[in-house]
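Report on the following structure.
The values are calculated or read from the model by the stated rules, or taken from the named source; none is laboratory data. These numbers come from a predicted model, not from an experiment. Virtual Cβ from ideal backbone geometry, glycine too; neighbours counted across all protein chains shown.
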Amino acid sequence: MKNNLIIAVFFGIVLSLNSFSCNKDKDVDCSDGKCNPVIKVKSKLKFDGLPLVIGDSYAFNDTLEIRFLRVNYMFSPLILDDSIISDVFHFDFTSKNIDKTKAELGTTIFENKINKSSSVSLSYGVGLPQKLNNSRPEDFLSSHPLSNQSLYWASWGSYIFAQFEGYVKNKRTGEELSFTYHTGGNESYKFKKIPFLKNFQPSTTNTLNINCDVRKVFSRDGINFDIMANLQNHATGSTAVSQYIMENLLNAHEFILE
Amino acid sequence: MGRTIYLWLLITIVFTYCKPKEDVNPLLDIPYNPTSYQIVVPPRFPILEIPTDNPTTVEGIDLGRRLFYDPILSKDSSMSCSSCHLSEFSFTDGKAKSLGVDGLSGKRSSMSLLDVAFSYKGLFWDGRAKNMEEQALMPVMDPVELHETWPNVVEKFKRHKDYPTLFRKAFGIKSIDQITEKLATKAIAQFERLIISSGKSKYDRFLRGEVLLDDDELDGFDMFFNNTFSLPDAQCGHCHNAPLFTTNDYFNNGLTSAATLNDFVDKGRGIVTGIALDNGKFRVPTLRNIVFTAPYMHDGSILTLEEVVEHYSRGGHPSINKDPLITQVVLTSRQKQQLIKFLHTLTDTAAINNPAIQNPF
């Protein structure tokens with residue numbers, strides 16, 4: 001019995017040493033980009049810094065409460081330095097941000113290896129650049145976001161870049177009115193390049209959170225958008241509201257690498 | 001000599017007895033050589049996506065067409081798919097709610113099958129079927145529709161004088177035991193993909209510059225798609241966008257009022273997704289051939305196009321998740337008529353009279 005125990009311990013030690021030795025001898029194979037970092041892109045929607053839940057009410061100002069029923073927009077492209085991560089994302093929070101937990105968690109929209117270990121800048125656009133906006137839904141397979149017929153408006157000859165829809169309620173009178181803001185047209189596309197000094201961890205997942213605060217979409221320089229005076233924007237030629245929303249949308253984003 | 005005869009007899013008996021079973025299977029004498037079929041899609045329509053495991057063939061369509069019109073799929077052989085999807089009603093049934101084999105009423109109206117091949121966001125009013133092949137399974141089993149079981153249907157196919165041959169020609173089965181519900185629904189889906197717009201409606205010809213719309217139709221067109229500031233935005237095109245005149249998305253169009261999200265009589269999409277905000281939402285139907293598909297809405301509660309336009313111009317009934325696009329629209333009675341006249345330009349009789357999709361029996 002005692003001998004058996006000694007033999008078992010002996011073999012255990014030998015096996016451990018052998019295993020350690022083998023690992024030590026193995027080279028890490030980083031050919032063909034095997035060790036490249038993985039980047040996971042998550043989109044999150046907020047209102048005043050809090051997770052925005054579709055259907056929930058938020059204080060817009062002293063008298064108005066706002067609740068969103070549909071929020072989606074095109075995000076094109078996403079570029080780290082000169083590497084395109086994606087040509088186009090369609091951020092659609094309508095059926096994703098259905099409760100606080102899901103809204104806090106965000107939605108993973110991309111996960112893939114990237115061919116770089118660091119970045120110094122990040123470029124992004126809201127809406128679609130002209131080349132993509134000149135395409136039509138029938139040019140794409142149904143798995144592509146630009147195939148969606150509900151995101152194309154033939155009267156504009158444009159995709160709908162962003163949709164913000166919901167209700168505003170006057171807290172004093174109880175009156176509730178719907179609002180719908182659709183933006184589109186090549187002139188509404190906005191693009192920006194920002195410093196993004198980051199090192200990506202090899203062979204592991206680096207999560208890039210793209211956070212959008214909708215408060216900032218409807219507010220500029222501390223002044224709220226006059227929703228009651230502009231309840232709808234989806235007519236041809238009504239570009240002022242479209243420009244306002246898209247410029248704000250561009251600046252409503254923050255990028256955080258976990 | 002006598003010995004030789006006995007020997008030959010013995011050899012014959014042995015060979016006859018030992019002949020492999022499949023060699024006597026008459027199905028194998030029928031050639032399996034399916035002919036690929038190219039469905040013609042009108043210009044500017046979405047890409048027609050055919051599942052890789054169910055390519056469209058002449059033989060598959062032939063089988064599917066028969067199955068679509070054959071009451072063999074129902075419990076008492078009294079109803080077929082076509083009982084609720086008649087070509088003259090643009091593949092609806094002209095009823096508010098369809099009746100099944102037991103005389104029981106379903107809770108929703110029959111949906112048009114026109115351009116169903118492009119329904120990539122789910123089928124039925126609530127989107128509970130992911131694709132056409134999956135959709136075709138369900139009415140057979142539904143107690144308020146055909147109220148049959150697939151094993152029974154498959155047994156009926158096996159005993160049928162024609163179907164084993166048709167399954168052989170369409171799918172290359174080697175024995176009747178290979179007839180399955182999956183193959184049957186594949187064939188039905190192949191056939192249903194043929195129920196497609198012809199591109200010959202007045203609207204389509206107008207887009208191609210072949211005809212002009214009259215003034216009323218043109219005003220209706222402009223209001224429908226909000227093409228001009230000089231006319232009201234009727235807000236129709238958001239959900240009924242061209243070219244399909246549906247986005248195939250799910251909306252609460254304000255048909256019924258509901259104090260809370262749990263108060264909808266029919267929760268629709270919400271039952272499928274489990275998301276409360278989806279309660280009371282239904283898939284947007286196509287407006288192509290709308291003149292043939294009355295009564296309207298998922299519950300068939302609106303009888304005429306005039307009443308439909310009235311419903312939307314009033315902004316529908318209140319509920320927490322009523323779509324923000326359903327809001328009061330001030331239209332004159334003339335403008336309402338102009339909208340309806342535009343809807344008539346979507347009539348496509350060539351599509352529903354296509355000989356290839358009529359009853360083969």
TODO: Kindly indicate whether A:Asp62 is among the acidic types (Asp, Glu), over 12 Å from the mean Cα position of the chain (by Cα) and closer than 18 Å to A:Phe196 by Cβ.
DONE: no
- [ ] Quick one: in region B:266-296, of everything that is part of a helix (DSSP H, G or I) and more than 14 Å from every other protein chain (Cβ to nearest Cβ), which residue is nearest to A:Gly166 (Cα to Cα)?
- [x] B:Ile271
Task: Options B:Val308, B:Val330; residue that is surrounded by 19 or more Cβ atoms within 10 Å (Cβ to Cβ), among the hydrophobic types (A, V, I, L, M, F, W, C) and either assigned to a loop (DSSP other than H, G, I, E, B) or assigned by TED's automatic domain parsing to the domain that holds B:Val291 (or both) - done: B:Val308
TODO: Please identify the pairs in which a residue from region A:168-179 that is more than 14 Å from chain B (Cβ to nearest Cβ) has its Cβ atom under 9 Å from the Cβ atom of a residue that is among the β-branched types (Val, Ile, Thr) and surrounded by 13 or more Cβ atoms within 10 Å (Cβ to Cβ), counting only partners at least 6 apart or on another chain.
DONE: A:Asn170/A:Thr63; A:Lys171/A:Thr63; A:Arg172/A:Thr63; A:Thr173/A:Thr63
Task: Qualifying position, being free of Cβ contacts under 8 Å to residues at least 60 places away in the same chain and within 24 Å of B:Leu325 (Cβ to Cβ), among A:Ser142, A:Ser155, A:Ser135 - done: A:Ser142
Task: Counted residues, region A:113-131 - those being within 12 Å of A:Ile39 (Cβ to Cβ), buried (at least 16 other Cβ atoms within 10 Å of the Cβ) and among the small types (Gly, Ala, Ser) - done: 1
Open item on the list: Can you tell me how many residues within region B:225-239 are within 25 Å of the chain's Cα centre (by Cα) and either facing another protein chain (nearest Cβ under 10 Å) or not hydrophobic (A, V, I, L, M, F, W, C) (or both)?
Closed with: 3
Task: Among (1) more than 30 Å from B:Leu67 (Cα to Cα); (2) among the polar types (S, T, N, Q); (3) within 14 Å of chain A (Cβ to nearest Cβ), the one test that B:Ser197 misses - done: (1)
Open item on the list: Residue under question is A:Thr183, and the condition is that it be of a type in the set (Val, Ile, Thr) and crowded, with 19+ Cβ neighbours inside 10 Å; does it hold?
Closed with: yes
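When you go through A:Lys102, A:Lys96 one by one, which is the residue that is of a type outside the set (Val, Ile, Thr), at pLDDT below 95, outside any strand (DSSP E or B) and farther than 30 Å from B:Pro42 by Cβ?
On the way: A:Lys102 fails: at pLDDT below 95.
Result: A:Lys96 is the single residue among A:Lys102, A:Lys96 that is of a type outside the set (Val, Ile, Thr), at pLDDT below 95, outside any strand (DSSP E or B) and farther than 30 Å from B:Pro42 by Cβ.
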Open item on the list: A:Glu138 - would you say it is out of contact with any Cys (no Cβ under 9 Å at 6 or more places or on another chain), surrounded by fewer than 22 Cβ atoms within 10 Å (Cβ to Cβ), part of a helix (DSSP H, G or I) and away from chain B (no Cβ under 11 Å)?
Closed with: no
Open item on the list: With of a type in the set (Asp, Glu) and within 14 Å of another protein chain (Cβ to nearest Cβ) as the only criterion, which of B:Asp323, B:Asp348, B:Asp299, B:Asp263 stands out?
Closed with: B:Asp323
Task: Residues satisfying the stated conditions in region A:196-212, i.e. at pLDDT below 95 and either under 20 Å from A:Glu247 (Cα atoms) or loosely packed, with under 13 Cβ neighbours inside 10 Å (or both) - done: A:Leu197, A:Asn199, A:Gln201, A:Ser203, A:Thr204
Task: Any chance A:Lys116 is basic (Lys, Arg) and away from chain B (no Cβ under 14 Å) - done: yes
TODO: From (1) surrounded by 15 or more Cβ atoms within 10 Å (Cβ to Cβ); (2) among the hydrophobic types (A, V, I, L, M, F, W, C); (3) within 10 Å of another protein chain (Cβ to nearest Cβ); (4) over 27 Å from B:Asp222 (Cα atoms), pick out the condition that doesn't hold for A:Trp153.
DONE: (4)
Task: Selection within region A:88-112 - surrounded by 15 or more Cβ atoms within 10 Å (Cβ to Cβ), more than 14 Å from chain B (Cβ to nearest Cβ) and not aromatic (Phe, Trp, Tyr) - done: A:Val88, A:Gly106, A:Thr107, A:Ile109
TODO: Check whether at least one residue in region B:19-29 is away from every other protein chain (no Cβ under 14 Å) and closer than 18 Å to B:Leu287 by Cα, and report yes or no.
DONE: no
TODO: Within region A:141-150, track down each residue that is touching a helix residue (DSSP H, G or I) at 6+ places or on another chain (Cβ under 7 Å), within 11 Å of chain B (Cβ to nearest Cβ) and not hydroxyl-bearing (Ser, Thr, Tyr).
DONE: A:Leu141, A:Asn148, A:Gln149
Task: Residue list for region A:213-258, restricted to those being more than 14 Å from every other protein chain (Cβ to nearest Cβ), in a strand (DSSP E or B) and among the polar types (S, T, N, Q) - done: A:Ser219, A:Asn224
Open item on the list: Suppose we filter region A:156-167 for residues that are more than 8 Å from chain B (Cβ to nearest Cβ) and within 15 Å of A:Ile227 (Cβ to Cβ); how many remain?
Closed with: 1
Open item on the list: Quick test for you: out of B:Gly220, B:Gly209, pick the one residue that is more than 9 Å from every other protein chain (Cβ to nearest Cβ), at pLDDT 95 or above and part of a loop (DSSP other than H, G, I, E, B).
Closed with: B:Gly209
Task: Output for region B:170-227, where each listed residue is among the polar types (S, T, N, Q) and either buried (at least 21 other Cβ atoms within 10 Å of the Cβ) or closer than 26 Å to B:Ser87 by Cβ (or both) - done: B:Thr185, B:Gln190, B:Ser197, B:Ser198, B:Ser201, B:Asn226
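May I ask you to verify whether B:Gly254 is in a loop (DSSP other than H, G, I, E, B) and over 22 Å from the mean Cα position of the chain (by Cα)?
Values: in a loop (DSSP other than H, G, I, E, B): yes; over 22 Å from the mean Cα position of the chain (by Cα): yes.
For B:Gly254, the condition - in a loop (DSSP other than H, G, I, E, B) and over 22 Å from the mean Cα position of the chain (by Cα) - is met.
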